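*Asks:* What follows is a structure written as structure tokens; I'll ask about it next.
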Amino acid sequence: MIEKVPMSAQKFPRELIDRFGRKVDYIRLSITDRCDFRCVYCMAEDMTFLPRDEVLSLEECARLVKIFVRLGVSKVRITGGEPLVRKNALWLFNEIGHLENLGELVLTTNGSQLEKQAQDLKNAGVKRINISVDSLDKQRFKSITRTGDLEKVLKGIQAAKQVGFKNIKLNSVLMRGVNDDEALSLVEFAIRQDIDISFIEEMPLGEVDHTRESTFVSNADTLKLLQSKYTLTPSAYSSGGPARYWQITNTQTRIGFISPHSHNFCESCNRVRITCKGELYLCLGQEDKVDLMPLLRQYPDDDVPIIKAIINSMAIKPQGHDFDLRRAEPAVIRFMSHTGG
């Protein structure tokens with residue numbers, strides 16, 4: 001009889017390095033594909049969501065986070081869909097928020113549930129919150145999100161500030177002819193709130209009811225516009241992701257730019273994404289993936305097969321995406337909400 005070697009006695013690397021020498025120390029974990037908004041650049045208006053049994057349990061999510069942290073991941077971002085609509089989601093934040101060697105637990109949210117949950121999230125160990133806000137006009141906000149209530153989101157931002165979150169950032173996707181005239185007002189709002197803001201170029205993920213090229217707004221153009229009003233200084237600040245930051249002189253606010261088209265950031269990619277189905281995507285803009293759910297369920301008491309699959313996945317992490325807005329079809333068919341926002 002062969003004696004099983006306990007996981008603690010087996011030697012595994014303490015960090016994940018891909019074939020291009022990049023260290024992967026950041027995971028984005030989607031805990032649901034469901035959302036109470038239907039943002040026009042993220043989802044179809046009439047979405048079909050996954051059956052419950054095809055979604056990772058919260059216990060499986062926690063198990064994956066603990067495995068990745070053991071392999072050197074220091075930053076974990078919980079995403080969706082909208083993660084806070086997941087029933088009992090707070091259990092997961094409490095389970096992983098104070099893990100040894102986890103440097104930062106981050107939440108990306110649309111803000112709709114923050115008014116009720118901000119204090120509990122702070123207590124659970126969440127360090128930073130990113131809140132998606134694409135317009136400060138109530139009607140336009142409703143049009144972009146199809147179902148969203150701007151007042152609810154603004155109350156959520158205030159709640160997060162009141163309970164003591166210091167690292168709050170707005171995420172905004174500007175679309176030509178839709179909300180590209182709001183760059184200055186969004187920055188003004190961030191300055192008044194003493195929070196940061198990032199502008200994210202629209203990504204060609206999933207079939208939507210407009211052509212991405214027609215609505216694309218370059219961050220280079222947005223930066224030029226903002227420089228016409230503000231004194232901006234390049235900042236060495238890094239949130240651990242792809243954003244490049246500028247400090248607004250005489251304010252507490254930084255402006256970040258996430259520019260997959262106008263300033264490709266793939267050479268420094270340090271992250272992977274896990275969908276709510278347990279699919280480990282090695283790149284947002286490619287289809288390379290490893291299915292972890294079958295291993296989680298086949299080996300409920302043995303992490304070794306999952307660890308080996310994660311280590312081996314580093315060999316198929318691509319050098320970068322190949323987004324091309326001139327193509328009629330999207331770069332990948334899956335929606336952003338499937339991979340995790």
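*Asks:* Sort through Thr253, Thr249 and tell me the only one that's touching a helix residue (DSSP H, G or I) at 6+ places or on another chain (Cβ under 7 Å) and farther than 29 Å from Val65 by Cβ.
*Replies:* It is Thr253.
*Asks:* Another question, then. Give Gly111, Gly81 a once-over and let me know the one that is of a type outside the set (S, T, N, Q), buried (at least 24 other Cβ atoms within 10 Å of the Cβ) and in contact with a Lys or Arg (Cβ under 6 Å, 6 or more places away or on another chain).
*Replies:* Details: Gly111 fails: in contact with a Lys or Arg (Cβ under 6 Å, 6 or more places away or on another chain).
Going through Gly111, Gly81 in turn, the sole match is Gly81.
*Asks:* Sticking with this one: For a quick check of your reading of the model, give me the residue pairs whose first member lies in region 296-314 and is over 21 Å from Asp25 (Cβ atoms), whose second is among the small types (Gly, Ala, Ser) and modelled with pLDDT of 95 or more, with beta-carbon atoms closer than 8 Å and at least 6 apart or on different chains.
*Replies:* Going by the 8 Å Cβ cut-off, the qualifying pairs are Leu296/Gly278.
*Asks:* What tally of residues in region 105-133 results from selecting those that are closer than 24 Å to Cys42 by Cβ and among the acidic types (Asp, Glu)?
*Replies:* 1
*Asks:* Moving to a separate point now. Scan region 54-85 for residues that are more than 16 Å from the chain's Cα centre (by Cα) and either in a loop (DSSP other than H, G, I, E, B) or of a type in the set (Ser, Thr, Tyr) (or both) and jot them down.
*Replies:* Within region 54-85, Val55, Leu56, Ser57, Leu71, Gly72 qualify.
*Asks:* Here's something else I'd like to know. Got a number for residues in region 27-53 being in contact with a helix residue (DSSP H, G or I) (Cβ under 8 Å, 6 or more places away or on another chain) and either hydroxyl-bearing (Ser, Thr, Tyr) or outside any loop (DSSP other than H, G, I, E, B) (or both)?
*Replies:* Within region 27-53, residues that are in contact with a helix residue (DSSP H, G or I) (Cβ under 8 Å, 6 or more places away or on another chain) and either hydroxyl-bearing (Ser, Thr, Tyr) or outside any loop (DSSP other than H, G, I, E, B) (or both) number 5.
Yes/no per residue for (1) crowded, with 20+ Cβ neighbours inside 10 Å; (2) touching a Ser or Thr at 6+ places or on another chain (Cβ under 7 Å):
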residue: Ile255; (1), (2): yes, no
residue: Ser268; (1), (2): no, no
residue: Leu280; (1), (2): yes, yes
residue: Cys283; (1), (2): yes, no
residue: Glu287; (1), (2): no, no
residue: Val290; (1), (2): no, yes
residue: Pro300; (1), (2): no, no
residue: Ile311; (1), (2): no, no
residue: Ile316; (1), (2): no, no
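*Asks:* Within region 89-168, considering only helices (runs of 4 or more DSSP H) that don't extend past its boundaries, which have at least 3 residues that are touching a strand residue (DSSP E or B) at 6+ places or on another chain (Cβ under 9 Å) and closer than 20 Å to Gln252 by Cβ? Talk me through it step by step, then tell me what you get.
*Replies:* On the way: elements: 89-96, 114-124, 138-145, 150-162.
By residue number, 150-162.
The values are calculated or read from the model by the stated rules, or taken from the named source; none is laboratory data. It should be emphasised that the depicted structure is a prediction, and the values quoted were computed from it without experimental measurement. A quick note on method: Cβ atoms are made from the backbone with ideal geometry, for glycine too, and the neighbour counts reach across all protein chains shown.
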